[in-house]
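Read through the structure below, which is laid out as structure tokens, and then see the notes.
The values are calculated or read from the model by the stated rules, or taken from the named source; none is laboratory data. Bear in mind that the values here come from a model prediction, so they are computed numbers and not experimental data. As a convention, Cβ positions derive from the backbone with ideal geometry for all residues, glycine included, and neighbour counts pool all protein chains shown. Only protein heavy atoms, including side chains, enter the accessible area calculation; ligands, DNA and RNA are left aside. Shrake-Rupley method; radii C 1.70, N 1.55, O 1.52, S 1.80 Å.
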Amino acid sequence: MKRKRVAVLMGGFSSERPVSLSSGSACADALEIEGYAVTRVDVGRDAARVLAELNPDVAFNALHGPFGEDGTIQGILEYLAIPYTHSGVLASALAMDKELAKVVGKAAGLPVAEARVMNRFDIVKTHPMEPPYVVKPVNEGSSFGVVIVKEDQSHPPQIVSSSEWRYGERVMVERYIPGREFTCAVMGDKVLGVAEILPVGHAFYDYDSKYVPGGSKHECPAKISPNIYQKIETLALKAHKAIGCRGVSRSDFRFDDRKSPDGELVWLEVNTQPGMTPTSLVPEIAAEAGYGFGELLSWIVEDASCSR
């Protein structure tokens with residue numbers, strides 16, 4: 001049987017370039033072991049020309065952040081009629097916009113935290129909502145630009161309106177949900193399982209917690225009551241379908257169980273391009289469900305298509 005030619009798209013030019021290079025390299029190595037003919041593509045502004053010349057059987061999208069997971073590269077691949085992995089144009093753009101994703105999620109019955117989107121310069125003088133709350137860019141990933149405002153903080157975070165801020169003019173101000181953090185992976189129409197994220201030495205699951213070895217612990221499967229575990233799985237699949245995701249996605253949740261065992265479970269977002277680094281969650285959850293790394297990636301490649 002002819003070996004499929006797979007172009008692994010990695011790198012790019014977003015803030016998440018280092019993560020994408022790590023994800024892409026790990027995927028390329030594993031796909032070669034699985035028998036695919038792999039070409040590593042460090043994506044630049046000439047992506048359309050490079051891909052047209054390569055004309056691979058499949059483009060494995062290992063890009064993260066703007067351009068890579070917001071519908072842009074997906075649109076280029078659609079135009080070139082190159083089958084690609086993960087979610088399509090609309091689902092990618094929708095999931096990347098935290099405001100729109102929250103609107104769609106809420107309409108689908110997902111529990112979401114109270115939030116408002118504002119210009120970053122409008123939160124300099126007074127708190128936009130009662131602390132504690134979280135300020136986050138509307139269109140970024142990997143926790144870039146996330147600021148937690150604690151209950152006793154007397155003024156809004158000044159970094160958001162400073163010249164150092166590089167994450168866009170629009171920010172989301174969201175009620176802070178204390179408690180535990182869970183994540184759930186979905187593959188096609190199948191839920192793979194739930195993991196708990198336990199940051200080590202960090203206030204929350206920030207960039208270093210995600211990508212620096214030892215930055216966090218993953219409890220997989222999550223040690224939580226069966227009814228909450230099942231509820232997370234149900235909501236993750238609902239989010240996957242509501243946003244219109246394809247391939248593999250990962251939904252993140254917060255769970256506040258301080259007052260009662262049933263607590264408050266809140267859906268935060270769905271990630272259409274989950275990381276595939278050595279410390280990433282989806283490969284770990286998939287392994288617990290019986291899918292080796294190579295097997296998981298092979299499924300993703302074989303699932304690739306256009307018009308996703």
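Quick notes on this one:
- Only residues that are touching a residue at least 12 places away in the same chain (Cβ under 8 Å), farther than 20 Å from residue 299 by Cβ and hydrophobic (A, V, I, L, M, F, W, C) were counted in segment 9-68, giving 11.
- Residue 101 being more than 18 Å from residue 306 (Cα to Cα) and buried (at least 19 other Cβ atoms within 10 Å of the Cβ): yes
Per-residue answers, yes or no, for (1) over 21 Å from residue 292 (Cα atoms); (2) out of contact with any Gly (no Cβ under 7 Å at 6 or more places or on another chain); (3) open to solvent by 30 Å² or more (accessible area, probe 1.4 Å); (4) at pLDDT 95 or above:
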position: 4; (1), (2), (3), (4): no, yes, yes, yes
position: 8; (1), (2), (3), (4): no, no, no, yes
position: 15; (1), (2), (3), (4): yes, no, yes, no
position: 18; (1), (2), (3), (4): yes, yes, yes, no
position: 22; (1), (2), (3), (4): no, yes, yes, no
position: 27; (1), (2), (3), (4): no, yes, no, yes
position: 36; (1), (2), (3), (4): no, yes, no, yes
position: 46; (1), (2), (3), (4): yes, yes, yes, yes
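- Filtered residues of segment 248-303 (kept if of a type in the set (D, E, K, R), under 23 Å from residue 174 (Cα atoms) and surrounded by fewer than 19 Cβ atoms within 10 Å (Cβ to Cβ)): 256, 257, 258, 259, 262, 264
- Given (1) open to solvent by 50 Å² or more (accessible area, probe 1.4 Å); (2) in contact with a Gly (Cβ under 7 Å, 6 or more places away or on another chain), index of the condition residue 121 fails: (2)
- Residue 197 at pLDDT 95 or above, at negative phi and open to solvent by less than 10 Å² (accessible area, probe 1.4 Å): no
- Any chance residue 181 is in contact with a strand residue (DSSP E or B) (Cβ under 6 Å, 6 or more places away or on another chain), open to solvent by 20 Å² or more (accessible area, probe 1.4 Å), more than 28 Å from residue 259 (Cβ to Cβ) and charged (D, E, K, R): no
- Count - residues of segment 73-92 that are assigned to a helix (DSSP H, G or I) and in contact with a helix residue (DSSP H, G or I) (Cβ under 8 Å, 6 or more places away or on another chain): 11
- Restricting segment 53-62 to residues that are outside any helix (DSSP H, G or I) and touching a Lys or Arg at 6+ places or on another chain (Cβ under 9 Å), the residue that is surrounded by the fewest Cβ atoms within 10 Å (Cβ to Cβ): 55
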